[in-house]
1. Taking the Cα centre of the stretch 177-224 as origin and charging only Cβ (+1 Lys, Arg; -1 Asp, Glu), how large is the dipole, in debye to the nearest 20?
2. Full-extension gain between residue 694 and residue 132, please, as 0.36 nm times their residue separation minus the C-alpha to C-alpha distance.
3. Using the structure shown, list the pairs from 205/259; 221/552; 320/574; 267/335; 128/331 with a Cα-Cα distance above 29 Å, or answer none.
4. Express in nm, to one decimal, how much length is gained between residue 548 and residue 352 on full extension, taking 0.36 nm for each residue of separation and deducting their alpha carbon distance.
5. In whole percent, how big is the carbon plus sulfur part of the accessible area of the stretch 105-146, probe 1.4 Å, protein atoms only?
6. Report in % the part of the accessible area of the stretch 232-294 that belongs to carbon and sulfur, leaving out ligands and nucleic acids; probe 1.4 Å.
7. Test of understanding: extend the Cα→C-beta vector of residue 633 to 7 Å, then name every residue of the stretch 650-668 with backbone N under 19 Å from that spot.
8. Give me the percent of accessible area attributable to carbon and sulfur for the stretch 515-615, probe 1.4 angstrom.
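The values are calculated or read from the model by the stated rules, or taken from the named source; none is laboratory data. Nothing here was measured: the structure is a model prediction, and the numbers come from that model. All Cβ positions, even for glycine, are placed from backbone atoms using ideal geometry, and neighbour counts span all protein chains on display. These accessible areas exclude ligands, DNA and RNA; they are computed on the full protein's heavy atoms, side chains included. Shrake-Rupley method; radii C 1.70, N 1.55, O 1.52, S 1.80 Å.
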Amino acid sequence: PGGPVENATEQRAVQIHTETTSKQPNKQGSCYWIKKVVTLFYVRLHRIETKTELQGRIEANHRTVMGCGVSKSNQFHKHSRKAVTTIRAAVLIQRWYRQYVARTEMRRRYTWHIFQSIEYSGEQAQIKLYNFLGYLMDNFTPSSTERNLISHIFRENDVCWDAEWERYFCFKNIEVPEVYSGPHLTFPLTVEQTVGLLEAFRNKKQLHSRYVLEMLLETWKLLRMLPNINRISTCQSKEVTICGDLHGQLEDLLLIFYKNGMPSLEKPYVFNGDFVDRGKDSIEILLILFSFMLVYPCDVYLNRGNHEDHIINLRYGFTKEVLTKYKIHGKRILKLLQKIFSWLPLATVIDQKVLVLHGGISDSTDLYALAKVNRHNYVSALRPPKRRNNSSAGMSIDIDMDDVLWNTSRIYQRRASLMFPKPIGPRNCFHNRSLQEFSTRIKANMENELENSKRREVILAAALNRSQQDILSVSTDSVNSDNAKEEWRQILDLLWSDPMNRDGCIPNEVRGGGCYWGPDITEDFLNRHNMQLIIRSHECKQEGYEFCHNRKVLTLFSASNYYDVGSNRGAYVKLGPDLVPYVIQYQASSMTRELTAGQSVGRTERSALKVLREQLFAHKSDILCALKKFDTTNTGLVSLNDWSSAVESVMHLNLPWRTLRCQLVTCKTSDGMIDYCDWFNELAIKGPNTDHIDQSLLETLYRHRSTLETIFRIVDTENS
């Protein structure tokens, strides 16, 4: 392709390709016809045997016909030459096709790598932001108004007793207007109401906030009775269906129910976390799952994922979605969801042999220890809960009373700064600290906090005219400081870890939390607990699933088209009594069925390259410094090799930059050099009102725009 036909072999290949394609219109695309032609030639090859066998038969027949006249020999030679030409044509087309497949696969892989790298860097940035704000709360004593800007995200136990929570979330004073056209619910729920709710969401209707709060309260009551690890069993008449991440994509959940059937007594389901964020229908998915769980409490099981965390929700869209859909009662709904997320079970065990959890394990994971954890103490899994003492009135001293204290006692502010005499360290090293590094600092703070707690409580009592005896009464929910860090690490690993191919267990610095664990850790864990398979989610896979560690770990992802239309399939797994996983794949969007393989890859590639250009612009200053190291004479030009090396040294994405040059760089000289100044002008954000703005300022804001948006959402407590 792309050049003249130079010999008989190519002429024959092109001729047969033309004859085949002219018989019917080309509706399926070039990839379809390449496969069809290759198939045609393989049929011919099978018919005329292999080339070696053919040559042997030619020689034998030649010897046979030597005495029978020249005309027959000439005729046979004519046919044999045609057969050899056909073979060569088939080999040529095969080579073309293999090159096409290789290029398509390479494009698919680097596209995937771009999306995944950007996703993980966002998670890491959110963890760093949360740790930074936590560090400020622990170490600085600003004015009360400044402190209140961020203190509310650390209020993990505003009210101590369940009865007070229920009064706070009371829905009875919320009236449903007559014009409301959505579903009406009565409790306890029935199957018919749950199916009606699902159909209403399918038709883009919204459930009234009164019913939302009522359902969430019922769900919270049920979850408080469940153990940390659910245990279920199969029998000859039952198959357990396991679903991975849904991430707010209602289309995928509806398709799973259409293909597999809705949850029932005969069709139990396990949903393995990450129900929310990124997609636009997160609250609808939660309400559907909660309603089925209320109707079938022994047949629908929900595991907690790393996105069932209000700190992560601030960045990835769920908080914004709830506050947008429920403007009046959104804050109460979110607060109740915080409690529900903290009470979600951590894992599910099927027939004592298959462990279903969201993230993974580590070399210290112990199911027996996890079964005893007070999981509701970990409202956010991003840092261990602080020890807290509670008054007899049921308020948390270091939270609710703390706010009163900051408003009433300036003396206490000064003393607090003395209680935490820890240096902040240089700025350039601070923002790069991982979750593990901060946890070490938090561990060191534990003993100091215990020592200082009595002094703080005495000051509190004086400020609020309470007796010291009331202040020193300790709540039964208090976290034991001795094992707090170990419990937290177990839960963190469970929600955030990923498998790796090599042996060992190392910190997961890509995400910023959890660990990477190897096949040896899997083998040891399964042997210790007498199990045979781990089913986990947490990672998007192109086929919707992936086996690793000698097929003893199965990653399952149920959100199809996660990065873009056509980027990946979704999948769910069915487990029968034999415990052999049966995987069903799908793609929810009808658009993907209309695209050829090449069109699908091309669409996803364009989206990934757009994201990559944005990231290159956001790191313009660093890339420019790296390029100038190669451009010692300050000509503004670098070679392709130097350009690739400089960009990789800054981005650390491990991409084929030389191959991507055609899509990323259009400005090059006749001798192949790259004009990087013009290239940066191409990457710059252009608009009618940006000419007067310093590009370096734009670059800095653009690089941190997601973090800034998260900070604004934290500060904007009234959602104004």
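1. On the way: 6 positive and 5 negative charges, 39 e Å.
My answer is approximately 180 debye.
2. 199.5 nm
3. Numbers: 205/259 23 Å; 221/552 35 Å; 320/574 34 Å; 267/335 32 Å; 128/331 25 Å.
Correct reply: 221/552; 320/574; 267/335.
4. Values: separation 196, 0.36 × 196 = 70.56 nm, distance 2.09 nm.
Result for the pair: 68.5 nm of gain on full extension.
5. Numbers: 960 of 1620 Å².
Result for the stretch 105-146: 59 percent of the exposed heavy-atom area is carbon or sulfur.
6. On the way: 950 of 1890 Å².
The nonpolar share, carbon plus sulfur, comes to 50 percent.
7. 668
8. Values: 1730 of 3980 Å².
Carbon plus sulfur share of accessible area: 44 percent.
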